[in-house]
Amino acid sequence: MGGLIALVAAVHHECDVVNEVVCVPADVKTLFEFKEPWFTIGPVNFTRTSFLFLLAALIVVALLFFGLRRNRMVPSKFEAAIQSLVEFVRDGIARDIIGPEGVKYTPYLLSIFMLILVGNFFELTPFINFPIMSRMAIPFFLSLVTYFIFVIVGFAKNGLSYVTAIVWPKSVPVALRPLVGLIEFVSTFALRPLTLAVRLFANMVAGHLMLSLLLGSGVAFILAVGEIGPKAGIGIFWFAFGLFIFLFEIVVASLQAYVFTLLSAVYIQSSLHPEH
Amino acid sequence: MEGNIEELKGAIALIGYGLGAIGGGVGVGLVVGQAITAMARQPEMAGTVRTTMFLGIAFTEALALLGFVLFFIA
């Protein structure tokens, strides 16, 4: 248990506390390698990440089920919190961005919002300390779902004129239309799913790395106080800096869930009304 | 002169990421600064401006984050 504890232990043993001022793992690329699966069912390898992914899905279902099970005149505090979250996605994202007809996309937007929120907060949960969105497969899968939804919505709503409006934009001078159309086509159909996934992934990886390195360095230096004497004070600085980043990561975790949902809504809106 | 490009790869990737971060930093600063100006001038539009500001940040930030990912891939 506890990726951070394992990392702290690894950093502590490898760390050259006498000559260095910060502990950096010998090879950062090991953080991106596939871990040994726990067990295998048929063709499916079951790793810690897949377990956490299922756990996140279970938590989301449980939160929504127990929060919205009863429709009472005076909800309890927990029910009120869940209801305000649902209302935030429905009114603040679906209706504000897509418009009145966007309310029917609320279930999808709410599911990805809650899943990413819970998955990101695993980064800050003691003894888990691992944001599931820092494995590229998961954000990329979510962004592909958004991609298919907005492409299918675009074709269903506008027919073939969905593509022609993108590659031959009417609001641009004729001489510029091929160039702008090419840029728009590539950015809509190739770059959108990629940047959507990479944004979430890179934010989470960066936060996870910062937290692990700072808190790991702090612990490693403080524990080595007998060996290096007053230099162990650096550890206190790293640890305090790590705690500050911890607070910052709370903001990043919620903000990235919000941004992913917001951009999904914007992409769906641009498919419904491609002329804008 | 014989040189081994493999040994320099990490350093080159680091410089590339630093250059990529400049644009993203300036861009996010501009977006947030202008959004604050707009909110101060028209507080009643603060909600709309805030949503648009997050969108602008998300689009601007993407290039810097791509640089961050490429730094690890390189």
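Helix A:192-223: angle to the longest alpha-carbon principal axis of chain A, degrees 0 to 90, nearest 10?
Helix A:192-223 and the main axis of chain A meet at about 10 degrees.
Mind listing which chymotrypsin sites (Phe, Trp or Tyr not before Pro) in the range A:133-226 are in a DSSP loop and have 15 or fewer other Cβ atoms within 10 Å?
The qualifying sites: there are none.
Spelling out what I want: for every residue of the range A:102-116, take phi, set θ = phi - 60°, compute 6.51 cos²θ - 1.76 cosθ + 1.60 (Karplus), and round to whole Hz; glycine and proline get x.
x, 4, 6, 8, 4, x, 5, 4, 5, 5, 5, 4, 5, 5, 5
Averaged across orientations, what area in nm² does the convex hull of the alpha carbons in the protein assembly as shown project?
Details: hull surface 104.6 nm².
Taking the Cα atoms of the protein assembly as shown, their convex hull projects to 26.1 nm² on average.
Enumerate the lysines that A:Lys157 could reach by cross-link, defined here as Cα to Cα under 28 Å, with residues fewer than 8 away along the same chain left out.
A:Lys104, A:Lys170
Defining a contact as two alpha carbons under 8 Å apart and six or more residues distant in sequence, what relative contact order in percent does the range A:3-272 show?
Worked out over the range A:3-272, it gives 26 percent.
Whose amide H sits under 5 Å from the amide H of A:Thr47, counting only residues 5 or more places off or on another chain, with H placed in the peptide plane?
The answer is A:Trp38.
Which trypsin sites (Lys or Arg not before Pro) in the range A:69-119 pass both tests, a DSSP loop state and at most 16 other beta-carbon atoms within 10 Å? Walk me through the numbers on the way to the answer.
Details: sites: A:Arg69, A:Arg70, A:Arg72, A:Lys77, A:Arg90, A:Arg95, A:Lys104; in loops: A:Arg69, A:Arg70, A:Arg72.
Those satisfying the criteria are A:Arg69, A:Arg70, A:Arg72.
Loop-only trypsin sites (Lys or Arg not before Pro) in the range B:1-72, please: DSSP not H, G, I, E or B, and at most 11 other Cβ atoms within 10 Å.
Values: sites: B:Lys9, B:Arg41, B:Arg50; in loops: none.
Here no trypsin sites (Lys or Arg not before Pro) fit, given the DSSP loop and packing criteria.
Could you give the angle, 0 to 90 degrees to the nearest 10, between helix B:46-73's Cα long axis and the longest principal axis of the Cα atoms of chain B?
It works out to around 0 degrees.
How many angstrom lie between the Cα centre of the range A:219-261 and the Cα centre of the range A:71-131?
Taking the Cα centre of the range A:71-131 as reference, the centre of the range A:219-261 is 29 Å away.
Quick check: the angle from helix A:233-272's long axis to the longest principal axis of chain A, C-alpha only, nearest 10 degrees?
On a 0 to 90 degree scale, this one is about 10.
Just how large is the dipole of the protein assembly as shown about the Cα centre, in debye to the nearest 20, putting +1 at every Lys and Arg Cβ and -1 at every Asp and Glu Cβ?
On the way: 20 positive and 21 negative charges, 269 e Å.
Roughly 1280 debye, rounded to the nearest 20.
FYI, it's all coordinate maths here, none of it is from the lab. Fair warning: this is a prediction, and the values are worked out from it, not measured in the lab. In this analysis, Cβ positions are derived from the backbone assuming ideal geometry, glycine residues included, and neighbour counts consider all displayed protein chains.
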